[in-house]
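Written below as structure tokens is the structure these notes are about.
The values are calculated or read from the model by the stated rules, or taken from the named source; none is laboratory data. Computed from a predicted model, the values in this text were never measured in an experiment. For neighbour counting, all protein chains shown are included, and Cβ atoms are generated from backbone atoms with ideal geometry for every residue, glycine included.
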Amino acid sequence: MLLDTAALYFRAFFGVPDSVRAPDGTPVNAVRGLLDFITRLVGDHRPTHLVACWDDDWRPAWRVDLVPTYKSHRVAEIVPGGPDVEEAPDALETQVPIIREVLAALGIAVVGAPECEADDVIGTLVARARMPVDVVTGDRDLFQLVDDARGVRVLYTARGMSRLELVDEAWVEKKYGIPGRLYADFAVLRGDPSDGLPGLPGVGDKTAASLVKGYGDLDAIIVAAADDSGPMAPGVRLKIREAAGYLEAARKVVVVAPDAAMPDFPDPVLPSEPVDPAAWADLRERWGLGSSAERVVTALAQSAS
């Protein structure tokens, strides 16, 4: 099981009241909410391995160089030569280091990669996997990874953790009318305002799906648009020709990396108990993690048994 960690702790932060605080008054709603999410995921799905995938760089420069608007609306501060600062509530920012400490004390692997987003870590671990994989995320871009033959699916959090949608190739086909393997091509055409990707002007879900279903991947669509005698509508053909440079750049932005340069890390077998009991006890007490801490430890022990 691969967690899109930032997506989960953002959801926890906005879903758990900010009145949930440590004894010293520090907000811990994202920390406790994330622990409760892990408890539910472990209890319901019993993964053998668990990785908390991390954004070492939430807006990599190489993606911005390709599409300058990429996530630009979410930048709080541009940092020359380093990762830009993402706009996020101060009450959440203070909890991110605590989350790292809590996951480390539990023994849950936290894995990032230089100049890469968590999506790229997930894509690389999926490419390496020799077992079925569940990806837990609220990011539609990761639908491109679903692969029935390899047992790769997405547990989609858009409707909430208690109503996870199990996304496989049939789900993508039913939802968008396209083969799951072509989701990235569809996403490039449609665009995604939440990521600052404009897409092809005037092309929404319906037109993007008809292009993908009718012609195949982006390369085939571009070839078809170059053929004046083909069946493609002239207006759509012109849009594709005019946006050829953007489409090529956006494809490199949307497709998750299958080969991120990640550091070595131990086999991420799901722990049966906190690997650092002393640190866990200290964190539980200092941050007032209470019943959330108790539930996650119980879930780990039960899953191991």
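One line per residue, one yes/no per condition, for (1) aliphatic (A, V, I, L, M); (2) closer than 24 Å to residue 123 by Cβ:
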{"position": "39", "(1), (2)": "no, no"}
{"position": "47", "(1), (2)": "no, yes"}
{"position": "57", "(1), (2)": "no, yes"}
{"position": "75", "(1), (2)": "yes, yes"}
{"position": "85", "(1), (2)": "yes, no"}
{"position": "106", "(1), (2)": "yes, no"}
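Tally time: how many residues in segment 198-231 are assigned to a loop (DSSP other than H, G, I, E, B), surrounded by fewer than 16 Cβ atoms within 10 Å (Cβ to Cβ) and of a type in the set (A, V, I, L, M, F, W, C)?
The qualifying residues number 1.
Among the residues of segment 275-290, is any surrounded by 15 or more Cβ atoms within 10 Å (Cβ to Cβ), closer than 18 Å to residue 100 by Cβ and under 23 Å from the mean Cα position of the chain (by Cα)?
Checked segment 275-290: no residue is surrounded by 15 or more Cβ atoms within 10 Å (Cβ to Cβ), closer than 18 Å to residue 100 by Cβ and under 23 Å from the mean Cα position of the chain (by Cα).
Check 12, 91, 76 and return the single one that is among the hydrophobic types (A, V, I, L, M, F, W, C) and touching a residue at least 40 places away in the same chain (Cβ under 8 Å).
Values: 12 fails: touching a residue at least 40 places away in the same chain (Cβ under 8 Å); 76 fails: touching a residue at least 40 places away in the same chain (Cβ under 8 Å).
When all the criteria are applied, what remains is 91.
Show the residue pairs meeting these rules: Cβ distance below 6 Å; 6+ apart or different chains; first residue within segment 131-158 and touching a residue at least 40 places away in the same chain (Cβ under 8 Å); second residue small (Gly, Ala, Ser) and assigned to a loop (DSSP other than H, G, I, E, B).
Every condition considered, the pairs that remain are 138/158; 157/138.
Report, ordered by the first and then the second residue, all pairs with beta carbons closer than 8 Å, sequence separation of six or more or different chains, a first member in segment 104-128 that is assigned to a helix (DSSP H, G or I), and a second member that is of a type in the set (Phe, Trp, Tyr).
Between residues of segment 104-128 that are assigned to a helix (DSSP H, G or I) and residues that are of a type in the set (Phe, Trp, Tyr), the close pairs are 105/280; 106/280; 118/54; 121/54.
Among the listed residues 73, 49, identify the single one that is assigned by TED's automatic domain parsing to the domain that holds residue 264, modelled with pLDDT under 95 and not small (Gly, Ala, Ser). If you could, list the steps in order and put the result at the bottom.
Working: 49 fails: modelled with pLDDT under 95.
The match here is 73.
For segment 1-103, list the strands (runs of 3 or more DSSP E) that sit wholly inside it and hold at least 3 residues that are under 20 Å from the mean Cα position of the chain (by Cα); which are they?
Details: elements: 2-4, 51-53, 75-77.
Result: 2-4, 51-53.
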